[in-house]
């Protein structure tokens, strides 16, 4: 297993190694030590590689991930797993703003709390947060699932499209066009699947409420003009 010590090795060498996996190397597992809050750690992975980061990272860790499994044994700065396509990203600590922003696929697991705008403009990504999330989360969420085992801040799901939101705790307020919806058996089944994938076994799907779009804003209606 190649080990990259970012206190001694430039970050560029780590990311270059992850971007050239198909050129004569059989390495599929990497370890990163002493990340010391470095930005853009393990960005642009496009192969089924495993990266273990032993410490906290700065912004855009695992951005654009497509098929890799990245685990951060610490916390992450803004934009973790931004625009992720596939694969899995696990943050053992907390995540800062806009975690999983614009993500198109894959699974992002945050074992701690996530700050504001978690899942903003999500486009197919699944996000599971063991703790709570901040305000304006899932703003303009188009598709995918956001699961929150704790509480949600203000304006959850503002201007939501068809992303599905599940919150176990309290919601401070719902954003424009976001409403509570009935939890059907298919939603309970999907929620159970996501919790299992995230390794969260101490909560039950029946403890959550589901939120989604009222579908009044993204189809223009003159009667709703004042709401735009």
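Just a few scattered comments:
- Cα-based equivalent ellipsoid of the chain: semi-axis lengths in Å, sorted from largest, via gyration tensor: 33, 17, 15
- Between the Cα long axis of helix 185-197 and the first principal axis of the chain there is an angle of about 20°, rounded to the nearest 10.
- Column: log10 I(q)/I(0), Debye, Cα scatterers of segment 147-199, q = 0.22 Å⁻¹: -0.91
- Taking the chain as a Gaussian network of alpha-carbon nodes connected by springs under 10 Å, the highest mean-square fluctuation of the residues 15, 65, 113 belongs to 15.
- Value of Rg to Rh for segment 95-157 (Rh from inverse mean 1/r over Cα pairs, i.e. Kirkwood): 0.91
- Largest-first principal axis extents of the Cα set of segment 83-210 (Å): 32, 30, 22
- Within the chain, helix-based [θ] at 222 nm, where runs of 4 or more DSSP H residues each add -39,500 (n - 2.57), nearest 500: -3000 deg cm²/dmol
- Model label points for residue 188 and residue 204, set 7 angstrom from Cα along the Cα-to-Cβ axis, are 0.9 nm apart.
- Global form of segment 45-113, assessed from the alpha-carbon gyration tensor, a/c cut-off 1.5: oblate
None of the figures in this text is laboratory data; all of them are computed from the coordinates on show. It should be emphasised that the depicted structure is a prediction, and the values quoted were computed from it without experimental measurement. With ideal geometry, Cβ positions are generated from the backbone for all residues, glycine too; neighbour counts draw on all protein chains shown.
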